[in-house]
Amino acid sequence: MKRPSHILVIRLSAMGDVAMTVPVLMQLLDTYPKLKITVLTKPFFAHLFEHIEGINVVKAEVKTKHKGISGLWLLAKQLHKLDIDSIADLHNVLRSRILCGFLKILGHDYFRIDKGRAEKKALTRPNNKVLKPLNSSHQRYADVFKKLKLPLDKKFKIDKLQLPISSEVESHLNLDETKKWIGIAPFAAHSPKQYPLKLMKKAISKLSKEDNIQIYLFGGGKKEIKKLKELAENFENCENIAGKFSFSEELQLISNLDIMLSMDSGNGHLAAMFGVDVITIWGATHPYAGFAPFGQTSAQQLLPNLEKYPLLPTSIYGNKKVKGYKKVMHDITPEEVFRKVKFNLV
């Protein structure tokens, strides 16, 4: 097999997983500048690639015209016309497997990500747990490109990228560049991996007392927006961003942050793809599973006491509730959160 000149990269969801492809694809283009990349993802996630020259995005309309077997066949024929050399399936779910099967019929080779399901099961099972760091998602993505004859340096890094901020965002927020901008995303998809909001409020209170700091709160959905709005109203130098701007405009602001504080959630990955330093707070999940934001070190992670809670991590996605483990994050004090952010705020 010769090195391809045009590859199709498939990663449809979720937002954090799609965002994790960005540093890898940027390194891929930097290493192979003549390579053409087409990314297949959901329409909303297309915004994640807008700033990358050399990437074309095809939007998978999985709820309408690309729905079901017939829709995937239609999508396969559409992709076939793009003269793709080979395919990197970074999703490896039923939908992407069917699509790759159709593309194989049309004459295209593909390689799939190894998600390490057995390793992850051993990491999260309650008995005979194997607590060791697994390959990161970024490395698993890179391993697929290695199969495509496109190897990457294992220790690759990306430069910090600050997107231009629209005049609308700038005027609405009255941005002050003399201050340090801290993004805080206090929510997560599942409650077992979300830091208690009462404790987060205390951490924000401590940060807000610093003269040179401006805090921006990120999240989404009606319930979160309401809570973030109420939270921001308690502090003079704290602004709720959720629901005020387009996703592209939110990304502009995120790329200009000095630091992002998040759960094991998508916002941490959005910041990391621009080279922003990220502090993460972990609950039911654990960075050993390979989902820490790109470029983040262990010194940037706040973890519960594993001796006190030996069943951690209880799941990969944080969706499993375990008796007696409801308060695992309460041992991470607001003072610890404050100190961790301050220490990394350079």
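Length gained on full extension, Phe235 to Lys157, computed as 0.36 nm times the residue gap minus the Cα-Cα distance: 24.5 nm. Of all aspartates and glutamates in the structure, the ones whose alpha carbon falls short of 19 Å from that of Lys198, not counting any fewer than 8 places away in one chain, are Glu224, Glu230, Glu233, Glu236, Glu239, Asp264, Asp331, Glu335, Glu336. Only helices enter this figure: runs of n ≥ 4 DSSP H residues, each worth -39500 (n - 2.57), summed and divided by the residues of the chain, yield -10000 deg cm²/dmol at 222 nm to the nearest 500.
Answer rounded, prolate or oblate for the stretch 87-173, using the Cα gyration tensor with square roots of eigenvalues a ≥ b ≥ c: rounded when a/c is under 1.5, else prolate when a/b is larger than b/c, else oblate. Oblate, since a/c reaches 1.5 and b/c is not below a/b. With q set to 0.08, 0.11, 0.13 Å⁻¹, the log10 of I(q)/I(0) for the chain, from the Debye formula over equal scatterers at the Cα positions, is -0.41, -0.77, -1.05. Measuring only protein heavy atoms, the 1.4 Å probe finds Asp114 accessible over about 100 Å².
Rounded to two decimals, the Cα radius of gyration of the stretch 1-61 over 2.2 N^0.38 Å is 1.07. For the stretch 262-346, GluC sites (Glu not before Pro) meeting the loop criterion (DSSP other than H, G, I, E, B) and having at most 15 other Cβ atoms within 10 Å: Glu307. Per the Debye calculation on the stretch 203-267 with a single equal scatterer at every Cα and no solvent contribution, log₁₀ I(q)/I(0) for q = 0.17, 0.24, 0.26 Å⁻¹ amounts to -0.61, -1.21, -1.36. The C-alpha atoms of the stretch 143-209 occupy a region whose extents along the principal axes are 51, 38, 21 Å, arranged from largest to smallest. A straight Cα-to-Cα reach below 22 Å connects Lys77 with the lysines Lys36, Lys42, Lys59, Lys63, Lys65, Lys67, Lys104, residues fewer than 8 places away in its own chain not being considered. If you sort the three axes of the alpha carbon gyration tensor as a ≥ b ≥ c, you get a/c of 1.5 or more for the stretch 31-114 and a/b no higher than b/c, which makes it oblate. Sequence neighbours fewer than 8 away in the same chain don't count; with that in mind, list the lysines whose C-alpha is under 17 Å from Lys160. Partners found: Lys180. Calculated over the stretch 167-296, the projected area of the Cα convex hull averaged across directions stands at 7.6 nm². Grab the alpha carbons of the stretch 36-190, take their convex hull, and tell me the volume per residue in Å³. Cα-based convex hull of the stretch 36-190, divided per residue, equals 212 Å³. Once both axes come from the Cα atoms, what is the angle between helix 15-31 and the longest principal axis of the chain, in degrees from 0 to 90, rounded to 10? For 15-31 against the chain, the angle is about 60 degrees.
About the centre of its Cα atoms, the chain shows a dipole size close to 1920 debye [charges on the beta carbon of Lys, Arg (+1) and Asp, Glu (-1) only; nearest 20 debye].
Ordering Gly243, Ala284, Phe338 by Cα displacement along the dipole of the stretch 208-346 toward the positive end leaves Ala284 in first place; charges were set at the Cβ atoms of Lys, Arg (+1) and Asp, Glu (-1).
The values are calculated or read from the model by the stated rules, or taken from the named source; none is laboratory data. Model, not experiment: these values are computed from the prediction. Using ideal geometry, Cβ is built from the backbone for each residue, glycine included, and neighbour counts are taken over all protein chains shown. For the accessible areas, the whole protein counts, side chains as well, though only heavy atoms, and no ligand, DNA or RNA atoms are used. Shrake-Rupley method; radii C 1.70, N 1.55, O 1.52, S 1.80 Å.
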